[in-house]
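The values are calculated or read from the model by the stated rules, or taken from the named source; none is laboratory data. Fair warning: this is a prediction, and the values are worked out from it, not measured in the lab. All Cβ positions, even for glycine, are placed from backbone atoms using ideal geometry, and neighbour counts span all protein chains on display. We work out accessible area using only protein heavy atoms, side chains counted, and drop any ligands, DNA or RNA first. Shrake-Rupley method; radii C 1.70, N 1.55, O 1.52, S 1.80 Å.
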Amino acid sequence: MNYINIPGSTNEFFVLFHGTGGNEYSLLSVIGDINPNASVISFLGDVGSGAGRRFFDPLQNGHFLRDNFNEKVNQFLTLWDAIKPIDAKLTFVGYSNGANFLLGLMGKRPNIADNVVLMHPSNLGYTFESGSNSNIFLTSGATDIMAIPSESLQLSKQLAKYFPSTKLELLDSGHEVANEEVSKIGEFLRKTQLDG
């Protein structure tokens, strides 16, 4: 899996996972608005290309291919172990397909990051065997027809059983990343710094 590494002036890293059809540059402006001094590692999904690029195979009949999903998660974790910044504050951010992939990473490695931001994830029947004290922030759009708000609510309740610091933010938007959403993410992350 290809990635870019942009050094910052702090030992805080944002690790990014784009949505379907995105690329390693898709979320850079979001992070620039939240913390322009942070370092960034941004990954490029290696399934499909162009408008179909993603982190794992597309759903078939509304269900994801669990074997493929687990294989992609394991491949990423092997890569991550080789490149992970040492003694850094880590915030993982995923949008849509990237958020879904990130949920798989959390299932295998619940303490993978200090903070996890899940923008418009789908509830695909994830499994978690254990949890952590990571701060989890989910966003959902009230008019999102791809990641239905009621499913986001169910997902947030499932996550809260394993990750007690889970918060869901319902936005007046669809599936896109909205300015209000970026502001809310920034507020959440600043609050975790003050609480931590």
Scope the stretch 142-196; condition in a strand (DSSP E or B) and either among the hydrophobic types (A, V, I, L, M, F, W, C) or out of contact with any helix residue (DSSP H, G or I) (no Cβ under 7 Å at 6 or more places or on another chain) (or both); matching residues: LEU168, LEU170, LEU171
Selected residue [open to solvent by less than 20 Å² (accessible area, probe 1.4 Å) and modelled with pLDDT of 95 or more] from PRO164, PRO121: PRO121
Residue in the stretch 89-108 that is part of a loop (DSSP other than H, G, I, E, B) and open to solvent by 40 Å² or more (accessible area, probe 1.4 Å) present: no
Residue in the stretch 65-77 that is part of a loop (DSSP other than H, G, I, E, B), over 18 Å from ASN115 (Cβ atoms) and modelled with pLDDT of 95 or more present: no
Residue list for the stretch 167-185, filter: under 22 Å from GLU12 (Cβ atoms) and loosely packed, with under 15 Cβ neighbours inside 10 Å: SER183
Unique match (being in contact with a Phe, Trp or Tyr (Cβ under 8 Å, 6 or more places away or on another chain), of a type in the set (A, V, I, L, M, F, W, C) and in contact (Cβ under 8 Å) with a residue 12 or more places away in the chain) among LEU77, LEU27: LEU27
Residues of the stretch 28-63 classified as open to solvent by less than 40 Å² (accessible area, probe 1.4 Å) and farther than 24 Å from ALA88 by Cβ, total: 5
The listed residue being over 19 Å from LYS84 (Cα atoms) and either part of a helix (DSSP H, G or I) or among the basic types (Lys, Arg) (or both), out of GLY21, GLY32: GLY32
Selection from the stretch 7-18 of residues that are in a loop (DSSP other than H, G, I, E, B) and within 14 Å of the chain's Cα centre (by Cα): HIS18
Some residue of the stretch 133-143 being open to solvent by less than 10 Å² (accessible area, probe 1.4 Å), modelled with pLDDT of 95 or more, over 22 Å from ILE41 (Cβ atoms) and touching a Ser or Thr at 6+ places or on another chain (Cβ under 9 Å): yes
Number of the exception - SER150 against (1) open to solvent by 10 Å² or more (accessible area, probe 1.4 Å); (2) touching a residue at least 12 places away in the same chain (Cβ under 8 Å); (3) more than 13 Å from the chain's Cα centre (by Cα): (2)
Residue ID - farthest from SER183 (Cα to Cα), chosen from residues in the stretch 35-47 that are in a strand (DSSP E or B) and not aromatic (Phe, Trp, Tyr): VAL47
Answer from GLY107, GLY94, GLY45, GLY98 - the residue that is closer than 23 Å to ASN35 by Cα, among the small types (Gly, Ala, Ser) and touching a helix residue (DSSP H, G or I) at 6+ places or on another chain (Cβ under 9 Å): GLY94
